[in-house]
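First the structure, in the form of C-alpha cells, and then the observations on it.
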Amino acid sequence: NAGVMQNPRHLVRRRGQEARLRCSPMKGHSHVYWYRQLPEEGLKFMVYLQKENIIDESGMPKERFSAEFPKEGPSILRIQQVVRGDSAAYFCASSLGQGGRADTQYFGPGTRLTVL
Amino acid sequence: AQKITQTQPGMFVQEKEAVTLDCTYDTSDPSYGLFWYKQPSSGEMIFLIYQGSYDQQNATEGRYSLNFQKARKSANLVISASQLGDSAMYFCAMREGRKGAQKLVFGQGTRLTINP
C-alpha cells in the first residue's frame, strides 16, 4: 500500500497522559501536513513540515502540542497532558510540494483520539 | 484571510440523478487552488478533483466535474448519475498560491445522502 499511513487508528488516553500520533507519507512525498477534525466539522490545519523542518505551525496550539518530521522515520504529532477537548480525529496528509496539481494533498485514514 | 463557505449542511438525492454541491470562497490572492474531498462514513478523506485559479477549463474527473465561476468566487461540485456509494460528507477546500502557503482551508462540509 503506497498511500499515507497513520497509526494508531484509534487511541484512548486519560487526562494528563501523552498522545503520540504517527504518520508515514506517500512514497516519494516529502511534505507532511497535520489537520484536526472535531465532530461534524471540517478539517482545521495545524502544521506543515518538510524533512527536519517546520514550515508553518500557525494552526498549532501554543502549548502541549508539538510536531516533528525527522530525516528518518515517520512524522510525529505529540500532545502532552491531554485534556478532554483534545478528543478529535487527527489527519495527516502528504504531497510532492511542487505546486499546481502536483501539490494535491493525499490524506491518511486518520487517528481517532479519545480522552477519558 | 481565506474563507470557504458550504451553505448546504445536508442534501438528499435520488439514485441516478445529478447533484450539485455548492462552495463559495474568498481570497485576495490571485493564485489559488480549489479542491473537493469525499469523507465516507468510514472516515478517510478521499481526493476527488482540483481546479487551479488560472485554469481556462472546468476540471472533470469521471463523474465529477467542477463548475468554476471565478467572478462569483464559486466552485460547485457536480456529480452526474449519482450512486448509492456517493453517500458521504463532501468538503470543499482552498489553498493560496503564494510560496509557503501550502495549508488547505476547509468548508464545513455537506452531507450527501443518495436514496435508492
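The values are calculated or read from the model by the stated rules, or taken from the named source; none is laboratory data. These figures come from a predicted structure and were not determined experimentally. A quick note on method: Cβ atoms are made from the backbone with ideal geometry, for glycine too, and the neighbour counts reach across all protein chains shown. Quick note on the areas: whole protein, heavy atoms, side chains included, nothing else; ligands and nucleic acids left out. Shrake-Rupley method; radii C 1.70, N 1.55, O 1.52, S 1.80 Å.
Tabulated data for the structure shown
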quantity	calculated
Accessible area of the range B:13-69 belonging to carbon and sulfur atoms, whole % at 1.4 Å probe	43 percent
Charged-residue dipole, Cβ positions (Lys, Arg, Asp, Glu), the range B:49-115 about Cα centre, Debye nearest 20	340 debye
Rounded percent of accessible protein surface that carbon and sulfur make up, the range A:69-108, 1.4 Å probe	47 percent
Per-residue average of Cβ from other chains inside 10 Å of A:46-53	1
28 Å Cα-Cα threshold exceeded, pairs from A:Lys27/B:Lys70; A:Lys27/B:Lys3; A:Lys27/B:Lys38; B:Lys38/B:Lys70	A:Lys27/B:Lys70; A:Lys27/B:Lys3
Candidates B:Gln51, B:Gln39, B:Gln69, ranked by Gaussian network fluctuation over chain B, Cα under 10 Å, top entry	B:Gln69
The range B:7-60-the range A:68-116 distance, computed between alpha-carbon centres (Å)	22 Å
Max mean-square fluctuation residue, GNM over chain A, Cα-Cα springs under 10 Å, options A:Gly59, A:Gly42, A:Gly97	A:Gly42
Total accessible surface hidden between B and A, rounded to 100 Å², 1.4 Å probe	1800 Å²
Charged-residue dipole, Cβ positions (Lys, Arg, Asp, Glu), the protein assembly as shown about Cα centre, Debye nearest 20	560 debye
Per-residue mean of C-beta atoms belonging to partner chains within 10 Å, peptide B:28-39	2
B:Met89, B:Met94, reordered so the largest accessible area comes first (probe 1.4 Å)	B:Met89, B:Met94
Extension reserve of the B:Arg72-B:Ser28 stretch, reckoned as 0.36 nm per residue once the Cα distance is removed	14.5 nm
Number of partner chain Cβ atoms within 10 Å, mean per residue of A:106-113	3
Accessible area in the full protein assembly, largest first, 1.4 Å probe, for A:Arg9, B:Arg95	A:Arg9, B:Arg95
Net dipole in debye of the range A:7-115 [+1 Lys, Arg Cβ; -1 Asp, Glu Cβ; about Cα centre; nearest 20]	420 debye
Å² per residue, accessible surface of the range B:1-48 at 1.4 Å	49 Å²
